[in-house]
Amino acid sequence: MSRRRLLGLLPTIALITLAFTVSVDAAFPIVTHHKPLGGTRGQEITVTFTGDNLAEVHQVLTHQAGLDVVSVKSVDKKNAEVTFKTAAELQPGLYPVQLVSAYGVSNIRMIGIGALPTVMEAEPNSDFSTPQVIPLNHTVDGVIDREDVDYYSVDLKKGQRCTVEVEGIRVGYDLRNRYILDPFVSILNQERFELAASDDSSLLKQDGLCSYTAKEDESVIVMIRESAFRGQKNICGYRLHIGTFPRPIAVLPSGGVVGNVLEAKLFDVDGSTSSATVELPDEPVEYWPVTTQTPQGISPSPNWVRVSEYPVVMEAEPNNDYRKGQAVAVPALLCGVINQANDFDCFTFDAKKGQQLRVTVHARQKLRSPLDPVLNVFGPDNKTIKSSDDIGYNRDGTVDVSVKADGPHTIRVYDHLRGGSDLHHYVVSVEPITPGFKIDLKEVRRDEAVTVPVPAGGRGAMVVRVQRDRFNEEINFEVDDLPEGVTAQTFPMPKGRVEIPILLAAAADAQLEGKLFNVRGIGVAGSTEVNGDLKQHHKLVLGQNRRELFGYEADRAALAVVKPMPFEMEFVQPKTPILRRGSKELVVRVDRKDFTGRIYFKTLYYPPGVGVNNSKRLEADQTEVTIPITANKNAAIGNWPLILQVSYGTSGGTTTVASPPIDLAVEDAAFNLTFPRIAGEQGTSISLTVGIDAIRDVAGEVTMTLVGLPNGVSSPQPTQPVAKGAESVTFPLVIDPKAKTGRHKTLNVQTRIVRGGETMVQTDGTGEIRIDQPLPAKKQPEKKAAPKKVDPKKPATKKPLSRLEQLRQLKEAS
């Protein structure tokens, strides 16, 4: 490697090292890749997971039914073997799993389950002239190394269809934009001419699919590579489905009514259409998977439809003019397709003044339509009320409409680039807005979904975060499906707040096991109960600028009972509150037993307006630490749970658990202080009188201390007792002759209120002192010389007359 090439790699290596500092040091299991990536339904599959901290893996959590765990075996620190058994009728697709060790729960990995037999890639197959021969209707499990190209030869009969779908991005995991397989697939003839090809696809995002129908008996070559000729041995794996199976890329309508049978029209990748009936669930589902099966096979992955309690309305042409839209009744699911360039679909409904409606178009983001929708809502006067195009990276728009006047309102949908085809399908949901909220868990490590380790005999914690939707009332929480011996301590989330911790405690005899649990929120709006359930989003592949390329949304989160802490700790409950504009020191005590490592403390959750010093730790010889906290002038008054994250080293890495909670009371300040502007000269003594306005009566002995004196200024009595009802306090000041002159806006007063042996501190300022130079001494007036005595005996000397005086005398004489 050249020196220039080596130097070019150094910044990248440094960046990777920095980015992985936290995860590499952590004790919980981390899975970087697995092999094979999946298998065939109705069979047992033994998968080797590779990563770090896998030496004590003992369990696997599966998020969906039909994938049963037969055995779990830790091979070494880097590898663990898991045998799965899959149901014979399991729907093809991706099934998320997480490994559980004695130290925590791993990141999610996707296991691909299909209907076709699996064959493993066999190198060498990187030369077009010597491809790996495989039978049609098989799935290849392979890997792409850097600048690698894999070729597979498949025999086709005349009229036989060969469809290729790849799982690449969807079975990967990379949050640092390093080892990402963005696959390119193509079908080639023996002369190396391209018969069909795909890089990205609307349905599968970065994973491509293509199809070819044989004109005669022939052998075709299926080629797969990374789109930019990148790759990584063992890590950039793929599952390549090659067969005659159906592959719909659009379902119309893309919405249905709960409990009904959906009569759908399917648009296949090869351009053909067919009909299908789909049984829909009995409850509303945002996106329901639909798998298509025919005598030729079953689609390797599902399409998606929206299921609602509201009726479905299909668009009817002509409906291009928003002044003459298709008449519909709402609420409803409005289903249609932008079937040609410059097509507009318009729906008109009657609305009453005061109605609150949410209009959302579903197309690119979840239904995987090629449509990039633009949404407009017009009022009775045909003027635009609201419009929506993209929302961040989400191409699908949404608007909330508050109806201002009775009359017809119109919804218009079209493609941003004015494109269109039979595949540009969409669903517009028009629903009344009702108060509600959504729940997720706040990240502890950036971009990583939270998993909660709970030590046996100890505690773990998480922060619940809500997204409020016109609901500002108190929310209470319940945690379901916890392991035996684990209990949850919840705290009410006050009005208007969006975060609150939940503490999980495990009994000393709790078994080391993992579990998927749910968090439910309950609130009340008027006389109506409002409920919300957990949705936890897992980022699986991030590209440039941390843009998500693939993710998974789970309806449960993972926790694990882990090894006990090697020490015991007490988070001392303070006896007094912290005051607004005040500070306090919290105390943590540790019984180390035989543990000699460092212990780190960091706040899990900040009560509103409260700041905590997160740099504190205990060295090997220390058993007690104080943690300073402050409250600003707007800190939320009330009682707040405060929990610390406690991190310490183990043989497997750094483990982070939780402290016991304390109840931190936040109260209003006790006094308002008024600072006058004062001035004094170098080398003099002055006094500062601070006005006191008691906000409320606070029990305890009160003293006030003047702090923040500039250099060269001191006070012989900086601390003064303050009697109840006092209206001022005076501090004597001495200004050194060499004190720096000018204005100094640094004066503060710390009020200390001692109650029950604890001190409450409130800090106020800022006062101003001006230091001047002494005025210069006044000059004494000069003494006038005494008039000379005239000697009468000595004749006086005559002074010559001026010309003016001469003229005056001449005038008088005449």
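The values are calculated or read from the model by the stated rules, or taken from the named source; none is laboratory data. The model shown is predicted, which means the values in this text are computed figures rather than measured ones. Reconstructed Cβ throughout: ideal geometry from the backbone, glycine too, with neighbour counts over all protein chains shown. Side chains included, ligands, DNA and RNA excluded: accessible areas come from the protein's heavy atoms. Shrake-Rupley method; radii C 1.70, N 1.55, O 1.52, S 1.80 Å.
Of note:
- The set of residues in region 645-703 that are aromatic (Phe, Trp, Tyr) and touching a helix residue (DSSP H, G or I) at 6+ places or on another chain (Cβ under 9 Å) is empty.
- Answer from Asp155, Asp145 - the residue that is surrounded by fewer than 19 Cβ atoms within 10 Å (Cβ to Cβ) and either outside any strand (DSSP E or B) or within 38 Å of the chain's Cα centre (by Cα) (or both): Asp145
- Hey, Arg696 open to solvent by 60 Å² or more (accessible area, probe 1.4 Å) and under 21 Å from Ile769 (Cβ atoms) or not: no
- Region 165-212, subset polar (S, T, N, Q) and part of a strand (DSSP E or B), residue modelled with the lowest pLDDT: Ser201
- Within region 327-345, the set of residues being within 19 Å of Pro311 (Cβ to Cβ), more than 33 Å from the chain's Cα centre (by Cα) and open to solvent by less than 60 Å² (accessible area, probe 1.4 Å) comprises Val328, Val330, Gly336, Val337, Asp345.
- Verdict on Val430 being farther than 25 Å from Arg470 by Cβ and open to solvent by less than 20 Å² (accessible area, probe 1.4 Å): no
- Comparison of Val729, Val707 shows that the only residue that is open to solvent by less than 20 Å² (accessible area, probe 1.4 Å), modelled with pLDDT of 95 or more and either within 16 Å of Gly765 (Cβ to Cβ) or not aliphatic (A, V, I, L, M) (or both) is Val729.
- Criterion (open to solvent by less than 30 Å² (accessible area, probe 1.4 Å) and in contact (Cβ under 8 Å) with a residue 24 or more places away in the chain) met by exactly one of Ser274, Ser254: Ser254
- Here Pro607, Pro564, Pro574 are screened, and the one residue that is of a type outside the set (Phe, Trp, Tyr), open to solvent by less than 30 Å² (accessible area, probe 1.4 Å) and at pLDDT 95 or above is Pro574.
- Residue check, Val646 part of a strand (DSSP E or B), open to solvent by less than 10 Å² (accessible area, probe 1.4 Å) and either of a type in the set (A, V, I, L, M) or in contact with a Phe, Trp or Tyr (Cβ under 7 Å, 6 or more places away or on another chain) (or both): yes
- Failed item, numbered, when Thr623 is tested on (1) under 20 Å from Thr759 (Cβ atoms); (2) touching an Asp or Glu at 6+ places or on another chain (Cβ under 9 Å): (1)
- Pick from region 496-513, criterion modelled with pLDDT of 95 or more and surrounded by fewer than 17 Cβ atoms within 10 Å (Cβ to Cβ), ranking: nearest to Asp469 (Cα to Cα): Val498
- Residue in region 475-495 that is farthest from Asp663 (Cα to Cα), counting only those that are free of Cβ contacts under 8 Å to residues at least 40 places away in the same chain and assigned to a loop (DSSP other than H, G, I, E, B): Glu484
- Candidate set: region 346-380, residues that are under 19 Å from Gly325 (Cβ atoms), touching a residue at least 60 places away in the same chain (Cβ under 8 Å) and touching a Pro at 6+ places or on another chain (Cβ under 8 Å); chosen: the one surrounded by the most Cβ atoms within 10 Å (Cβ to Cβ): Ala363
- Taken over region 206-224, the criterion of being buried (at least 21 other Cβ atoms within 10 Å of the Cβ) and charged (D, E, K, R) is satisfied by Asp207 alone.
- The residue that is most open to solvent (accessible area, probe 1.4 Å), among those in region 116-142 that are modelled with pLDDT of 95 or more and charged (D, E, K, R), is Asp127.
- Residues of region 507-527 that are among the charged types (D, E, K, R), over 30 Å from Pro435 (Cα atoms) and assigned to a strand (DSSP E or B): Lys515 alone.
- Residue check for Glu473: under 30 Å from Lys205 (Cα atoms), open to solvent by 50 Å² or more (accessible area, probe 1.4 Å) and not basic (Lys, Arg): no
- Test result for Val479, open to solvent by less than 20 Å² (accessible area, probe 1.4 Å), modelled with pLDDT of 95 or more and under 26 Å from Asn107 (Cβ atoms): no
- Odd one out for Glu89 among (1) over 16 Å from Glu513 (Cβ atoms); (2) modelled with pLDDT of 95 or more: (2)
- Scanning region 279-325 for residues that are under 34 Å from the mean Cα position of the chain (by Cα) and of a type in the set (Val, Ile, Thr) gives Val285, Val290, Thr291, Val305, Val307.
- Residue pairs whose Cβ atoms lie under 7 Å apart, sitting 6 or more positions apart in sequence or on different chains, and linking a residue in region 25-47 that is of a type in the set (A, V, I, L, M, F, W, C) to a partner that is open to solvent by less than 10 Å² (accessible area, probe 1.4 Å) and assigned to a loop (DSSP other than H, G, I, E, B), are Phe28/Ser106; Ile30/Ser106; Val31/Ser106.
- Filter pass, Lys539 being open to solvent by 30 Å² or more (accessible area, probe 1.4 Å), basic (Lys, Arg) and part of a loop (DSSP other than H, G, I, E, B): no
- The lone exception for Gly112 - which of (1) out of contact with any helix residue (DSSP H, G or I) (no Cβ under 9 Å at 6 or more places or on another chain); (2) among the small types (Gly, Ala, Ser); (3) crowded, with 18+ Cβ neighbours inside 10 Å it fails: (1)
- Residues that are in a loop (DSSP other than H, G, I, E, B), without any contact (Cβ under 8 Å) to a residue 60 or more places away in the chain and open to solvent by 60 Å² or more (accessible area, probe 1.4 Å) occur at least once in region 411-420.
- Test: Val257 is touching a Leu at 6+ places or on another chain (Cβ under 8 Å), of a type in the set (Val, Ile, Thr) and at pLDDT 95 or above: yes
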